[in-house]
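**Student:** The structure under discussion is supplied below as structure tokens; questions concerning it will follow.
The values are calculated or read from the model by the stated rules, or taken from the named source; none is laboratory data. Just so it is clear, the structure is predicted and the values come from calculations on it, not from any experiment. FYI the Cβ positions are ideal-geometry reconstructions off the backbone, even for glycines, and counts take in every protein chain you see. These area figures cover heavy atoms from the full protein model, side chains too; ligands, DNA and RNA do not enter into them. Shrake-Rupley method; radii C 1.70, N 1.55, O 1.52, S 1.80 Å.
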Amino acid sequence: AAPQLSVTSPGKVLDASVVLNGGTAYYRVQRFGETVVDDSKLGFVLRDGRLDRDFVQLGEQRRSVDETWEQPWGERRVSRNHFNELTVQLAESTGSKRRVDVVFRVYDDGLGFRYSFPEQPNLREAIIDDELTEFAIAPDSTAWWIPAGEPIHYEYLYQRTPLREVPLVHTPMTLCSMDGLHVAIHEAALVGYAGMWLRRTEGQRLRAELSPSAEGWKVRRALPFSTPWPTVQIAVRAPGLVG
């Protein structure tokens, strides 16, 4: 069987798993044992070659956090930050043996994950042409979305269509399954990095597409650095996505 690591939310609601299959890394998300995000690819297209093949696991770290923090403004003065975290250290087994870590933080009502590029001798600067991150939504879903890459950016009216008909879209994108499960895909901590669009590649499989820059690449960063957090919020009712 392919190597697999899992992390469960504090209330045992959500479970995120990372699996290496033929040297390629995938993740999946389940809620009470039911698949919400099916096997979805992780990786990058770098200027000096793809970073999504021949991966081996170097190690893992885990931690749990339960803390509160006070907001300067908003409807809630105090917010709780309660999650379980899994960091999977990956490296190429061939070639330059470049490294990248994948960090998952799993809450009872959603998760975030990001890539972290540690300092390493064979990769001092990452020129990213695109991401290969996927979101393979398992249940048949309706989507609310606005188009990406268009002249007026975020000023379009939201459209409602089956997820299987979605083109290139902005985040946040909200989904509702036939059983009423609500999912919102967005991102957090977007600093020094290209914004994430979503392109449907087949069926209900979405792939991250980084917004373009004038220089030709999408991101150029010296190591070490971490990417923003793609986020997946999950709730049984739409109001559960807020808060």
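**Student:** Normalising by the residue count of region 106-238, find the relative contact order in percent from Cα pairs under 8 Å and 6+ residues apart. The partial results should precede the final answer.
**Tutor:** Details: 277 pairs, mean separation 49.1, N = 133.
Once normalised by length, the contact order is 37 percent.
**Student:** Could the peptides 167-174, 226-233 be put in order, highest first, of the mean number of other beta-carbon atoms found within 10 Å of their residues? Don't skip to the answer; put the middle values down first.
**Tutor:** Working: 167-174: 19.0, 226-233: 20.6.
For the peptides 167-174, 226-233, the packing ranking is 226-233, 167-174.
**Student:** While we're on this one: Might you tell me the accessible area per residue for region 1-143, computed with a 1.4 Å probe and given in Å²?
**Tutor:** On the way: 6990 Å² over 143 residues.
For region 1-143, the solvent-accessible area averages 49 Å² per residue.
**Student:** Sorted by mean Cβ packing within 10 Å, highest first, what order do the peptides 213-223, 151-161, 34-44 take?
**Tutor:** Working: 213-223: 13.2, 151-161: 9.8, 34-44: 19.4.
Ranked by mean Cβ neighbours within 10 Å, highest first: 34-44, 213-223, 151-161.
**Student:** Highest mean first, how do 72-80, 56-64 rank when packing is the count of other Cβ atoms within 10 Å averaged over residues?
**Tutor:** Working: 72-80: 8.2, 56-64: 11.6.
Top to bottom by mean Cβ count within 10 Å: 56-64, 72-80.
**Student:** Equivalent-ellipsoid semi-axes (√(5λ), Cα gyration tensor) for region 117-212, whole Å, largest first? Don't skip to the end; give the middle numbers.
**Tutor:** Values: eigenvalues 152, 53, 26 Å².
After diagonalising the Cα gyration tensor, the semi-axes are 28, 16, 11 Å.
**Student:** Relative contact order for the chain using alpha-carbon pairs under 8 Å, separation at least 6, rounded to a whole percent? Could you put the intermediate results ahead of the total?
**Tutor:** Details: 601 pairs, mean separation 41.8, N = 243.
Contact order relative to length: 17 percent.
**Student:** Only Cα pairs under 8 Å and at least 6 apart count here; give the relative contact order of region 57-108 as a rounded whole percent. Walk me through the intermediate numbers first.
**Tutor:** Details: 90 pairs, mean separation 18.1, N = 52.
Here the relative contact order equals 35 percent.
**Student:** Quick one: ranking MET196, MET178 by accessible area, 1.4 Å probe, largest first, what do you get? Walk me through the intermediate numbers first.
**Tutor:** Values: MET196 10, MET178 160 Å².
Descending order: MET178, MET196.
**Student:** With θ set to phi - 60° and the Karplus curve 6.51 cos²θ - 1.76 cosθ + 1.60, what are the ³J(HN,Hα) couplings of region 172-180 in order, to the nearest whole Hz, using x for Gly and Pro?
**Tutor:** So the J values, rounded to whole Hz, are x, 10, 10, 10, 9, 7, 5, 8, x.
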